[in-house]
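As structure tokens, the structure follows; a few thoughts come after it.
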Amino acid sequence: MDDAARFDARAAAWDASPHRRKLTADIASAMERVGLFRQPVPDALDFGCGTGLLTLELSRRCERVTGLDFSPGMLAALDAKIEAAGLSNVATILADLAAGDPVPGRYDLVASAMVLHHVAELDAVLARLFAAAQKGGRIALADLDSEGGAFHDDNAGVHHFGFDRLELADMLAGIGFTAIDAVDAAVIEKPGPCGAVRSFTVFLMTAMRP
């Protein structure tokens, strides 16, 4: 099963996870704390939007938001939410940046939540996100700190066991981003194989395209 099919299969039950909903709210709160919405955000992109948990958080804080994903099943779930809520400021795009698809348009904010660890060729995808940002636009990437592979019950489709913040910051700087910073965004607590609860930290890294 390829990565897109794997996420298609999980789309129907995706939002049922309480920790996933809480995590998204925590990430949105962290974005507020670092001032990403202090000025109006005309156009935002949610890269790897899935069923749109972060997309809908952004829709309440930005004038327009586009959810981009490579999974038709995930986007179908988001499209259903958009229609049910009558949202006129949310759109979706089916695209696979890892396969070389370009990002149509330019955005004042490019965000993602728990997506990067699923991206094999990370430098190439981050370069496409750089190209998708307006000059002076911001990027906001939330993901796991280095965790050694214990976070997921099944590591199929997981290409990075979290990230070292300094290494990721260096990668962003090498692409051309400036004003790079990272803050703690959330803590996820999950039971391990023996029942003991383990804690995993999530960072929010922000940067600007000069």
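Could you compute the FRET efficiency for Leu94 and Asp145, with r as their C-beta to C-beta distance and R0 at 25 Å, rounded to 0.05?
It comes out at approximately 0.25.
Working out 0.36 nm times the residue gap between Asp164 and Ser199, then minus their Cα-Cα distance, what length gain in nm do you get to one decimal?
Fully extending the segment from Asp164 to Ser199 adds 11.0 nm.
Using a ≥ b ≥ c from the Cα gyration tensor of region 6-75 (square roots of the eigenvalues), is it rounded, prolate or oblate, where a/c under 1.5 gives rounded and otherwise the larger of a/b and b/c decides, a/b for prolate?
It is oblate, given that a/c is not under 1.5 and a/b is not larger than b/c.
Given an 8 Å cut-off on Cα distances and at least 6 residues of separation, report the relative contact order of the chain as a percent.
Reported relative contact order: 19 percent.
Which residues' amide hydrogens lie under 5 Å from the amide hydrogen of Thr66, considering only partners 5 or more residues apart or on another chain, with H built in the peptide plane?
Residues meeting the amide H criterion: Ala44, Leu45, Asp46, Ala91.
Could you tell me the calculated FRET efficiency between Ala5 and Lys135, based on Cβ-Cβ distance and R0 = 45 angstrom, to the nearest 0.05?
Working from the Cβ atoms, E equals 0.75.
Just how large is the dipole of region 79-210 about the Cα centre, in debye to the nearest 20, putting +1 at every Lys and Arg Cβ and -1 at every Asp and Glu Cβ?
Once rounded to the nearest 20, the dipole reads 440 debye.
Counting DSSP beta bridges in the chain, what percent are antiparallel, to the nearest 5?
About 45 percent, rounded to the nearest 5.
Can you compute the charge dipole magnitude of region 1-76 about its Cα centre, using +1 on each Lys and Arg Cβ and -1 on each Asp and Glu Cβ, nothing else charged? Give it in debye, rounded to the nearest 20.
340
Solvent-accessible area per residue for the chain at a 1.4 Å probe radius, Å²?
Spelled out: the 1.4 Å probe surface of the chain, per residue, equals 46 Å².
In whole angstrom, how long is each semi-axis of the equivalent ellipsoid of region 39-165, when you take the square root of 5 times every eigenvalue of its Cα gyration tensor and sort them from largest down?
24, 17, 14
Quick one: among Ala132, Ala16, Ala185, which has the greatest mean-square fluctuation in a GNM of the chain with alpha-carbon springs under 10 angstrom?
In the Gaussian network model the winner is Ala16.
The values are calculated or read from the model by the stated rules, or taken from the named source; none is laboratory data. Just so you know, these numbers come straight off a predicted model, no measurement behind them. Neighbour counts are summed over all protein chains in view; Cβ atoms, including those assigned to glycine, are modelled from backbone coordinates with ideal geometry. For accessibility, only protein heavy atoms count, side chains too; no ligands or nucleic acids. Shrake-Rupley method; radii C 1.70, N 1.55, O 1.52, S 1.80 Å.
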